[in-house]
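Step one of this worksheet: look at the structure below.
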Amino acid sequence: MSTTTPPLPGEAGRAQAVRAMFDRIAPTYDLLNRVMTLRVDVAWRRGLVRGVRLGPGDALLDLCAGTMDVAAEARRQAPGARIYGADFSIPMLSRGARKTGLPAAGADALRLPFRDATFDAVTVAFGVRNLEDLPAGIAEIARVLKPGGRMGVLELFRPQSAGTRLFHNAYNRVALPLLGRAIAKDPGAYRYLVESMERFVPRPEFERLSREAGFAEVRGGGLFPGVCGLVVGVKA
Ligand SMILES: C[S@@+](CC[C@H](N)C(=O)[O-])C[C@H]1O[C@@H](n2cnc3c(N)ncnc32)[C@H](O)[C@@H]1O
């Protein structure tokens, strides 16, 4: 049983440790997601894909794609779109590619192997919290989007209201570590999930960074039951 916790947002040397952690938990990732969120994550991903308004023939990059549940949802909603996944954890991504049959590239979100203005939309679900350099990650998304292209980011932003913080604390401190231990046999990984959420930026700060990176029409909102946030923006 591993108990190692990768460095948190704002701490140096995260990328390798984060990748090693996802490599480790890949076999149980999907099951744990469903159990931890009581399947609400399925509706969150649906909302994310709706938010980027895919049209027929649009090219979508699902970044930090993991086991590619967002890519699968995008294909359901927009069968005519061209959908690609990218992630730096090959064990996560190869599961996703096998599951969906969609094309996938092993790639670091901070150095994407795509030309400027390649995609009509980029989605990231539960990925930006893991990036070593958040502003650089948002700038890289902007770089690969065409002008007018849509970014959609789903994330467990740092909770702000007292009520949400209370709910978070109770769930995070009690339920998540138990589930992490029982299913993934990796308490370190689920401690990381909790602590990285508490150290990450709140949603309004992410929206501000997105505007700074050149996104217009940036809109954010909380998704039921308030622990998860969705931010969408249009590349100016
Ligand atoms: C919590 S999982 C989310 C997976 C998927 N998007 C989902 O909705 O379930 C985070 C993913 O981000 C990936 N990731 C983290 N940092 C990355 C980076 N710098 N470049 C590429 N992928 C990264 C991890 O390997 C992991 O698969």
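Some notes on this structure:
- Criterion (assigned to a helix (DSSP H, G or I) and more than 21 Å from L193 (Cβ to Cβ)) met by exactly one of A170, A139, A117, A86: A139
- When restricted to residues that are under 28 Å from L176 (Cβ atoms), assigned to a loop (DSSP other than H, G, I, E, B) and more than 15 Å from the chain's Cα centre (by Cα), segment 203-236 contains 3.
- Taking (1) under 20 Å from G101 (Cβ atoms); (2) without any contact (Cβ under 8 Å) to a residue 12 or more places away in the chain in turn, T37 satisfies each apart from (1).
- Taken over segment 75-106, the criterion of being in contact with a Phe, Trp or Tyr (Cβ under 9 Å, 6 or more places away or on another chain), buried (at least 20 other Cβ atoms within 10 Å of the Cβ) and aliphatic (A, V, I, L, M) is satisfied by A86, M92, A104.
- Matching entry among R46, R34, R50 (being surrounded by fewer than 18 Cβ atoms within 10 Å (Cβ to Cβ), at pLDDT 95 or above and within 13 Å of the ligand (Cβ to nearest atom)): R46
Every residue, every condition in (1) modelled with pLDDT of 95 or more; (2) near the ligand (Cβ under 8 Å from one of its atoms); (3) out of contact with any Lys or Arg (no Cβ under 7 Å at 6 or more places or on another chain), yes or no:
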{"site": "M68", "(1), (2), (3)": "yes, yes, no"}
{"site": "R76", "(1), (2), (3)": "yes, no, yes"}
{"site": "P79", "(1), (2), (3)": "yes, no, yes"}
{"site": "A104", "(1), (2), (3)": "yes, no, yes"}
{"site": "R115", "(1), (2), (3)": "yes, no, yes"}
{"site": "T118", "(1), (2), (3)": "yes, no, yes"}
{"site": "G148", "(1), (2), (3)": "yes, no, no"}
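- Evaluation of L61 against the conditions (1) buried (at least 17 other Cβ atoms within 10 Å of the Cβ); (2) near the ligand (Cβ under 10 Å from one of its atoms) shows that the sole unmet condition is (2).
- Residue satisfying condition, being acidic (D, E), at pLDDT 95 or above and under 14 Å from the mean Cα position of the chain (by Cα), within set D87, D41: D87
- Residue that is in contact with a Ser or Thr (Cβ under 9 Å, 6 or more places away or on another chain), of a type in the set (G, A, S) and either surrounded by fewer than 21 Cβ atoms within 10 Å (Cβ to Cβ) or over 23 Å from V144 (Cα atoms) (or both), where the choices are G222, G180: G222
The values are calculated or read from the model by the stated rules, or taken from the named source; none is laboratory data. Predicted model only: the values in this text are computed from it and were never measured. Note that each Cβ is placed from the backbone with ideal geometry, even for glycine, and that neighbours are counted across all protein chains shown.
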